[in-house]
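The values are calculated or read from the model by the stated rules, or taken from the named source; none is laboratory data. Bear in mind the structure is a predicted one, so any value in this text is a computation, not a measurement. Methodologically, a virtual Cβ is constructed for each residue, glycine included, from the backbone with ideal geometry; neighbour enumeration extends over all protein chains shown. The area values use the complete protein model at the heavy-atom level, side chains included, leaving out ligands, DNA and RNA. Shrake-Rupley method; radii C 1.70, N 1.55, O 1.52, S 1.80 Å.
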Amino acid sequence: MAALASTISRPNLLQAIDRNELSVAFQPQLTADGQSVASVEALLRWRLPDGGFISPEIAVAHAEREGLIDMVGLYVLQQACTAARAWPGLVLAVNISPTHFAKPGFVDDVARVLDATWFPANRLEIEIVESAAFDDPDHASRQIERLHAIGARVAMDDFGTGYSSLSLLQRLPFDKVKIDKSFVDGIPATRSVAILHAMIALVRALGMKVTAEGVETVEQQRFLKAAGCHYLQGFLYARPLPAESVPAFLDKYRPKPR
Ligand code: C2E
Ligand code: MG
Ligand code: MG
């Protein structure tokens, strides 16, 4: 059962980090043909000693409020890089909150974690939501350029749920756009299909990669592949996995010797 948001305080969060109650799960993202694993997305998990859990959205909101979001963000980044170092060739996607992304020292912190964990920058993809760029697009653009300069990539997460500002897509050099699950859920309804076709075509025309999130059925997979998505992520393929289960999942997709 998820714990009530009101029970989380600054000391709880600090104690949770201390007591190793936080961990990171990894959800595979596949190429649209379903044949290979392109990347894994790191997702924060907070398990309480009584067996309950706190959802990542609530944990992140509280970390923001308590001024601990840098600590939590860097914790996830460090844990994820350490685990993913053992999965050669796989891209690692890490969610970063808008407050953390906006901090002047953010990219230096990322570079430090990459150095400390020996994780190659060209396998790191930072995911930010649209609101991270909305207030100050120029600053967001500079942060993306700094991430590019150290070799990392940047994806816009949950596209379609915020302001869906086309000017942000025009101005910001994202490498990838992730289309929110709410649109995928609507397949095959005419309106959802029309919006998905337009979004995928737009993102592709801008030279960016497209991932669809929350793919749960073969019908959705077939539509999204035919519509031009590059990558798919969802329970159809895998739920978020503990780090120790990732190698066995990757093995299933490794080309078999003839
Ligand atoms: P997100 O970044 O969009 O991550 C995808 C979420 O969708 C994950 O939920 C994942 O478990 C869920 N999901 C993926 N495929 C399916 C599907 O087929 N069906 C359904 N029903 N759900 C699916 P999760 O792990 O609960 O994370 C929720 C959100 O919390 C994330 O959305 C992200 O915004 C935030 N979050 C998670 N970890 C972190 C973190 O380390 N840092 C920050 N800043 N935010 C995080
Ligand atoms: Mg994400
Ligand atoms: Mg998302």
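The residues in the stretch 39-56 that are away from ligand 2 (no atom under 16 Å from the Cβ), surrounded by fewer than 19 Cβ atoms within 10 Å (Cβ to Cβ) and either in a loop (DSSP other than H, G, I, E, B) or β-branched (V, I, T) (or both) can be counted, and the count is 5. Whenever a residue of the stretch 33-56 is within 16 Å of ligand 1 (Cβ to nearest atom), its partners that are open to solvent by 50 Å² or more (accessible area, probe 1.4 Å) and charged (D, E, K, R), lying with C-beta atoms within less than 6 angstrom and at least six residues away or across chains, give the pairs F53/R47. Being surrounded by 13 or more Cβ atoms within 10 Å (Cβ to Cβ), farther than 13 Å from A32 by Cα and within 14 Å of ligand 1 (Cβ to nearest atom) is not true of F174. The listed residues are D157, D185, D136, and the only one of them that is charged (D, E, K, R) and more than 16 Å from ligand 1 (Cβ to nearest atom) turns out to be D136. In contact (Cβ under 8 Å) with a residue 40 or more places away in the chain and hydrophobic (A, V, I, L, M, F, W, C): is that true of L77 in this structure? No: the conditions fail for L77. Considering only residues in the stretch 83-96 that are outside any strand (DSSP E or B) and of a type in the set (G, A, S), the one that is farthest from ligand 3 (Cβ to nearest atom) turns out to be A86. Return yes when D175 is closer than 30 Å to A152 by Cβ, charged (D, E, K, R) and either more than 22 Å from the chain's Cα centre (by Cα) or modelled with pLDDT of 95 or more (or both) and no when it is not. It is true that D175 is closer than 30 Å to A152 by Cβ, charged (D, E, K, R) and either more than 22 Å from the chain's Cα centre (by Cα) or modelled with pLDDT of 95 or more (or both). Screening the candidates A111, A121, A116 for the property of being more than 16 Å from ligand 2 (Cβ to nearest atom) and open to solvent by 40 Å² or more (accessible area, probe 1.4 Å) yields one hit, A116. Scanning the stretch 149-174 for residues that are more than 15 Å from ligand 2 (Cβ to nearest atom) and either at positive phi or of a type in the set (K, R) (or both) gives G151, S164, R171.
Residue-by-condition table, conditions (1) within 16 Å of ligand 2 (Cβ to nearest atom); (2) assigned to a helix (DSSP H, G or I); (3) surrounded by fewer than 17 Cβ atoms within 10 Å (Cβ to Cβ); (4) of a type in the set (V, I, T):
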residue	(1), (2), (3), (4)
V193	no, yes, yes, yes
G207	no, no, yes, no
V210	yes, no, no, yes
V215	yes, no, no, yes
L224	no, yes, no, no
C229	yes, no, no, no
V246	no, yes, no, yes
K252	no, yes, yes, no
R258	no, no, yes, no
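What do you reckon, is T99 in contact with a Phe, Trp or Tyr (Cβ under 8 Å, 6 or more places away or on another chain), assigned to a helix (DSSP H, G or I) and either within 16 Å of ligand 3 (Cβ to nearest atom) or open to solvent by 50 Å² or more (accessible area, probe 1.4 Å) (or both)? It is false that T99 is in contact with a Phe, Trp or Tyr (Cβ under 8 Å, 6 or more places away or on another chain), assigned to a helix (DSSP H, G or I) and either within 16 Å of ligand 3 (Cβ to nearest atom) or open to solvent by 50 Å² or more (accessible area, probe 1.4 Å) (or both). Residue count for the stretch 155-169, restricted to those that are open to solvent by less than 50 Å² (accessible area, probe 1.4 Å), within 16 Å of ligand 3 (Cβ to nearest atom) and of a type in the set (S, T, N, Q): 1.
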